[in-house]
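Below is one structure, written out as structure tokens; the observations come after it.
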Amino acid sequence: MTEDEVLAEFRSCHALLEGHFKLSSGRHSAHYLQCARVLMNPERASRLALALAQRLPRDLRSSIDLVVSPAMGGLIIGHEMGRALGKDAIFVERPTGTFELRRGFAIPAGARVLMVEDVVTTGLSSREAMECVRAEGGEVVAEAALVDRSAGSVDLGVPFYPLVAINFPTYAQDELPPALAAVPVTKPGSRKE
Ligand SMILES: O=P(O)(O)OC[C@H]1O[C@H](OP(=O)(O)OP(=O)(O)O)[C@H](O)[C@@H]1O
Ligand SMILES: O=C(O)c1cc(=O)[nH]c(=O)[nH]1
Ligand SMILES: [Mg+2]
């Protein structure tokens, strides 16, 4: 799948939004990729996951023991990646603000973990989720995501394989362009303020 084909999938289901969005990192943007809308169609979700799995080098792909994704956004693509790789897919969540493993999930000591996200912008959520996996005994060997909003500039400390890399500008709260500041802001994600 080419990057243009992936973006066409987003456009076809109205998942490439324009407006004023507060992102997970606290930064603001005039664009938002609503991956949940892309992934709401199971056939599309599994097709995108297969394409993403094919981005992984063959030796890496065959060495993965477990898929872990950060809730909420990572859940569906993580599950579909588990299916594509033939591995279990579990998730970490942050009911009190910090990622933790719940629901009877466990990570076998030394398990080679593929972290799977829907979107990476600053990489903050990915790094926090990786900390949790390491504290639980896993070894994060790589990350895969549908979208890299940093267009290749983010450093996650492990090899990173996005399906599409794109650079929509983001702004700190105190540096909003006036045209963006004039638009009412929405915060689509679930990270607590
Ligand atoms: O690279 P970052 O700057 O951390 O941004 C990307 C993160 O933001 C979104 O999650 P969000 O925290 O909005 O919550 P959600 O997954 O529960 O929707 C997305 O699912 C990533 O996890
Ligand atoms: O940075 C984010 O929070 C973010 C950006 C984006 O385009 N889509 C998304 O789901 N989260
Ligand atoms: Mg998320």
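The values are calculated or read from the model by the stated rules, or taken from the named source; none is laboratory data. Please read all numbers here as calculations on a predicted model, not as lab measurements. Here Cβ is always computed from backbone atoms with ideal geometry, including for glycine, and neighbour counts include all displayed protein chains. We work out accessible area using only protein heavy atoms, side chains counted, and drop any ligands, DNA or RNA first. Shrake-Rupley method; radii C 1.70, N 1.55, O 1.52, S 1.80 Å.
Residues that are open to solvent by less than 60 Å² (accessible area, probe 1.4 Å), part of a loop (DSSP other than H, G, I, E, B) and not β-branched (Val, Ile, Thr) within the stretch 96-110 comprise GLY97, PHE99, LEU101, GLY110, listed in sequence order.
Among residues of the stretch 12-37 that are without any contact (Cβ under 8 Å) to a residue 12 or more places away in the chain, none has a Cβ under 7 angstrom from a residue that is within 12 Å of ligand 1 (Cβ to nearest atom) and assigned to a loop (DSSP other than H, G, I, E, B) at a sequence gap of 6+ or on a separate chain. Considered as a group, the residues in the stretch 54-90 that are touching a Phe, Trp or Tyr at 6+ places or on another chain (Cβ under 7 Å) and part of a helix (DSSP H, G or I) include one that is surrounded by the fewest Cβ atoms within 10 Å (Cβ to Cβ), and that residue is ARG55. Note on the stretch 170-190: among residues that are in contact with a Ser or Thr (Cβ under 9 Å, 6 or more places away or on another chain) and surrounded by 12 or more Cβ atoms within 10 Å (Cβ to Cβ), the one that is modelled with the lowest pLDDT is GLY189. With at pLDDT 95 or above, buried (at least 24 other Cβ atoms within 10 Å of the Cβ) and part of a helix (DSSP H, G or I) as the only criterion, which of ALA145, ALA129 stands out? It is ALA129.
Residue pairs whose Cβ atoms lie under 9 Å apart, separated by 6 or more positions or on different chains, with the first residue in the stretch 83-94 and touching a residue at least 40 places away in the same chain (Cβ under 8 Å) and the second among the charged types (D, E, K, R) and open to solvent by less than 60 Å² (accessible area, probe 1.4 Å), are VAL92/GLU100; VAL92/GLU128; ARG94/GLU100; ARG94/GLU128; ARG94/ARG191.
Name the residue that is farthest from GLY86 (Cα to Cα), counting only residues in the stretch 1-49 that are among the acidic types (Asp, Glu) and surrounded by fewer than 18 Cβ atoms within 10 Å (Cβ to Cβ). Before the answer, list the steps.
Keep residues of the stretch 1-49 that are among the acidic types (Asp, Glu), which gives 3-5, 9, 18, 43.
Then drop every residue that is not surrounded by fewer than 18 Cβ atoms within 10 Å (Cβ to Cβ), which leaves 3-5, 18, 43.
Values: GLU3: 25, ASP4: 28, GLU5: 25, GLU18: 36, GLU43: 17 Å.
Of everything passing the filter in the stretch 1-49, GLU18 is farthest from GLY86 (Cα to Cα).
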